[in-house]
Each structure stands twice: as C-alpha cells, then as structure tokens.
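Here, each number is a calculation from the coordinates, and none is a lab measurement. Keep in mind that this is a model prediction, so the values were computed, not measured. FYI the Cβ positions are ideal-geometry reconstructions off the backbone, even for glycines, and counts take in every protein chain you see.
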Amino acid sequence: MSTANPWVMVGKVTFGKGVFAKTTIPQGTDLGQVTGKVIDDADYTSAYCIDLGDSLSLEPRTPFRYLNHRCEPNCSLHLLEVVYEDGSPAPSEVHLEALLDIPEGAELTIDYQWSADGAIKCLCGSDQCRGWVVAMEELPQLLKSRARAAKKASKPKAKSAPKPR
C-alpha cells in the first residue's frame, strides 16, 4: 500500500524544504491528514510541532512536516475531534485544506499563528506580511513589547562612579 499523497510533493525552497502542488488543487480540497508522533508533554517544542491542546503536540511526518509559513496562506490546518470506540476522547486529527485554488507547482503554505513570546521575523514576502511569524490577535502585544524594549535600549545609561582603589 502506497502512503504517497496524490496532491503534494516535497521540494527545495530558499531556506530548506517546502510542500508543492503536484497538480491543480481546487479550493476546499482536503489534502489529507497530517500524521506523526503525538507527544504528551506540556513543555515540548520543536520547529515543526503542532499544538493539539492541553499538553499534546503532533510532530508531523513528511510531507506536511515541511509546510512553510505565509501571512497570506493558501492552506489551513483543521483539528477534527475523534473518539475511541468506547466513546472516550482520542487525540484530535489534523487535516490540511486548500483555502484557494492552487495551481500546479505552487508552494502550499499555512499561517503558523505563533504566540507573541515565540515570534520570529517573517520573510514570507506577501503583500499583507505582518513582519512577524505571530498570530494576528497577538501582533499588537508583540509590537507593544518590541517598542518598549527599543525605547529602553535607546535610553542613555547612567555612568557608574569610579571604583575606589
């Protein structure tokens, strides 16, 4: 049984790898489940992990491991609630959906929506780039804290008195 995804392939991008459309993908297409290792550790972080809520994270496998951020993405991740046969809750499934019609060869991107405390400079180049890889609702908080830090850094430091000999 082949596990290859019929919609996507992994290819090279400027800063590593990315996911690309093998064929034209219509808007609304479910491009598949993002599979990988579910980790139960509230402090777990990695460059690729997806927050499943509470203390659970998903460390995705190829191909979706290589989804890159864009402030104007063409795809989004969706959590689907799952229950075991006995009716108890199971870890959510993560699926990738096309937000737009995506032409063959185009890179598939998502909005990482990181928290302000984990934000990094954004290099996506989109017309609506926020300048930071951060959730839109946390952008004002990030900009305010960056402005405070810049103001504090620009204040002249008081000279200390010479040490006695």
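Straight Cα distances below 20 angstrom link residue 22 to the aspartates and glutamates 30, 97, 101, 104, 107, with same-chain residues fewer than 8 positions distant left out. When the chain is treated as a GNM with alpha-carbon contacts under 10 Å, the residue of 133, 94, 83 showing the greatest mean-square fluctuation is 83.
Under a Gaussian network description of the chain, with springs only between Cα atoms under 10 Å, the residue in 103, 63, 73 that fluctuates furthest is 103. Which longest run of the chain has no exposed loop site in it, a site being GluC sites (Glu not before Pro) in a DSSP loop with at most 13 other beta carbons within 10 Å, and the site itself not part of the run? By the stated rule (loop sites, at most 13 other Cβ atoms within 10 Å), 1-84. Ranked by how many other Cβ atoms sit within 10 Å of their own Cβ, fewest first, the residues 9, 136 fall in the order 136, 9. Relative to the longest principal axis of the Cα atoms of the chain, the long axis of helix 139-154 makes an angle of roughly 30 degrees. So which of 121/152; 12/151; 17/152; 17/144 end up more than 29 Å apart by C-alpha? Over 29 Å Cα-Cα: 12/151; 17/152; 17/144.
Per residue of the chain, the DSSP helices (runs of n ≥ 4 H) give a summed -39500 (n - 2.57) that works out to -3000 deg cm²/dmol at 222 nm. Pairwise inverse Cα distances across the chain, averaged and inverted, put the Kirkwood hydrodynamic radius at 18.4 Å. The distance from the alpha carbon centre of region 1-54 to that of region 111-151 is 23 Å, rounded to a whole number. Positive-end ranking of 135, 84, 99 along the dipole of region 81-144, with charges on Cβ about the Cα centre, is headed by 135. Residues of region 131-151 with an amide N closer than 20 Å to a point placed 7 Å from the Cα of residue 117 along the Cα-to-Cβ direction: 132-150.
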